[in-house]
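Read the figures in this text as sums done on the coordinates, not as results from a lab. Nothing here was measured: the structure is a model prediction, and the numbers come from that model. Every residue, glycine as well, gets a Cβ built from its backbone with ideal geometry; the counts of neighbours run over all protein chains shown.
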Amino acid sequence: MPFTIDFLSDGRVLEWEATADGVVVTERDNYTPRFYVAPRDPDANLDLTTLQSVYDQHPDVVATEMVTRRPGFRRDEEAVLAVDVAHIDRITPLARQARQLSAYPVGDLACFNVDFSREFRYCLETSADPTPASELSTLRLSVPVTETSNDVYVELSVAGDTVTGSPTDILTAVQGALDAHDPDVLVCSTSEIVPTLYEMATDAGIDDFSLSRWPGVDYQQLASQSTYSSYGRVGHSPARYNVPGRAIIDESNTFFYGETNLDGVLDLVSRSKKPVQELAWASIGNVLTAIQICEAHDRGVLVPWNSWRHEFYKPMGTLHDADRGGFIFAPEVGLHENVHELDFSSLYPNIICTRNVSPDVIRCDCHSDRNDVPGLGYSICDDRGYLVDVLQPIIDARDEIKAAIRREKERNGPDEDRLAELEGRSGALKWILVACFGYQGFSNAKFGRIECHEAINAFAREILLTAKQRLEAGGWRVVHGIVVFVVQARIAQAVGNPEAV
């Protein structure tokens, strides 16, 4: 159960496992990552032997073969070309070549299982479980904000102890802490600490300084820093580094570790097959996609490199009815007494699971005459959708964790460490459930479909209106309501407790 995996330049792979007796490394030299090529149109009569011949002659290709896979959830098994690659860094360049061959019209070929992160791909293809078998040890390295842009640090905190002085003093303190604790995880205030410390060691003439557990490889740069635009805002993505034998958590570039804790990260590691380091820097959508990819892999479905899902044809009237979003009751302006708030528990995820809303079954051909989605006329197949299998275990797990939190708090002298673990896991799962609805309408989602987004909103509107009717029938009036919660004021004291309604 490797908690981190390293890829050397010669193709060897290092699996690092945390045990009760310390870390154990296993060296592999037979791993060949794989991607697939298939016709984009299932009805296209394309001969892939020309493409196979080109790949067979490429020095970075180990082997090719024709295999049977499903290129999509809505497609049956068909023959596709599997390409085994000598090194994990050569997958994307080789996949691009399929688009450049004059023997095939532009756009007729589609590549699959291309843009996976390295460690996630390895775990997916080898069935390795990245969940640590033993507790991971950590060491925190941090520098003040004023030091982050400096080429030489004059102050650095090691495991909470501040060290100031010359580069030699700081490097000696870091190396001493590494030798004493031998941490599995380096928690850094910024990942730039890694290259900066090595540059300081080089300038100071200190040859034996190393953060790495593997001789001969100090660190690897996995990605350069960059800027990006999201919803009209420009953001900065820091460079990412890898230290062999240790996972790096960059506090300036992590969502789940910042919003939860290491326990929350590890819970998602077990569900997504993304090891600690990749999980820490991943976004919510990235982790949700990984969990969906695991489900697709179990079902023999390939993962498209690029999203080419067109929207199903629908009349203009249906588009007008569908494109409405959530429901909002206009609030009664003023001061209200005896007000209670009702909040639905994971409303959208539960709609997905109880109504079987999933990209592979929405508007199915086998039940096209049915009107399963209120107001839209969409059908939903009776076959269980893959998204239900993705989300239901997460919903159930969070409900169990929240129940455990309540029990722990009710104890005399609750265990604070246990509470922190449970809160971290609950928080991590909450973010996945929060994002699952919106991700169905995301244009770059691997498996999302806008019709799922529309159907979920339609069911939510119906549920909110039904809740209003039941509350009013029970003697209450709704003073405000928005998408996933209802606020109502009691009409008369004699009506009683809102739980009865």
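The table for this structure:
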| item | result |
| --- | --- |
| Value in Å of the Kirkwood radius, where the chain supplies the Cα pairs that are averaged | 26.0 |
| Spread of Cα-to-Cα distances over 5 Å intervals beginning at zero, given as percent, for the range 316-500 | 1, 7, 13, 15, 15, 14, 14, 11, 6, 3, 1, 0, 0 |
| Most positive-pole-ward Cα, Pro105, Val234, Cys294, against dipole of the chain from beta carbon charges | Pro105 |
| Cα centre as origin, Lys/Arg/Asp/Glu Cβ charges: the chain dipole, Debye | 2020 |
| Cβ-placed point charges (K, R +1; D, E -1), dipole of the range 309-428 about Cα centre in debye, nearest 20 | 160 |
| Loop-located GluC sites (Glu not before Pro) in the range 238-319, at most 15 other Cβ atoms within 10 Å (DSSP) | Glu311 |
| Leading residue at positive end of dipole, the chain (Cβ point charges), from Thr49, Trp281, Ile482 | Ile482 |
| Mean Cα-pair separation over length for the range 17-128, i.e. relative contact order, pairs under 8 Å, 6 or more apart, % | 32 |
| Relative contact order for the range 138-298, counting Cα pairs under 8 Å that sit 6 or more residues apart, in percent | 17 |
| Over the range 316-500, relative contact order from alpha-carbon pairs under 8 Å, at least 6 apart, % | 33 |
| Inter-label distance, nm, simple model (7 Å from Cα along the C-beta direction), Asp161/Asp60 | 4.7 |
| Label-point separation in nm, Ser270 to Asn30, each point 7 Å along Cα→Cβ | 3.1 |
| Cysteines in the chain that, by Cβ-Cβ distance, have no pairing candidate under 4.7 Å | Cys111, Cys123, Cys188, Cys294, Cys353, Cys366, Cys436, Cys452 |
| Computed over the range 138-298, Cα set: Rg, Dmax in Å | 16.8, 55 |
| Percent of beta bridges antiparallel (DSSP, the range 138-298, rounded to nearest 5) | 65 |
| Qualifying aspartates and glutamates (Cα of each under 14 Å from Cα of Lys409; at least 8 residues distant if same chain) | Asp417, Glu421, Glu423 |
| Residues Cys294, Cys436, Cys353, sorted so that the one with the fewest Cβ neighbours within 10 Å comes first | Cys294, Cys353, Cys436 |
| Electrostatic dipole magnitude of the range 138-298 [Cβ: Lys, Arg +1; Asp, Glu -1; Cα centre; debye, to 20] | 620 |
| For the range 418-434 versus the range 262-292, the gap between their alpha-carbon centres in whole angstrom | 13 |
| Of all DSSP beta bridges in the chain, antiparallel share, percent nearest 5 | 85 |
| Mean Cβ count within 10 Å, highest first, over the residues of peptides 22-31, 426-435 | 426-435, 22-31 |
| Among Ile394, Cys364, Leu419 - extreme Cα towards positive end, dipole of the range 316-500, charges at beta-carbon | Leu419 |
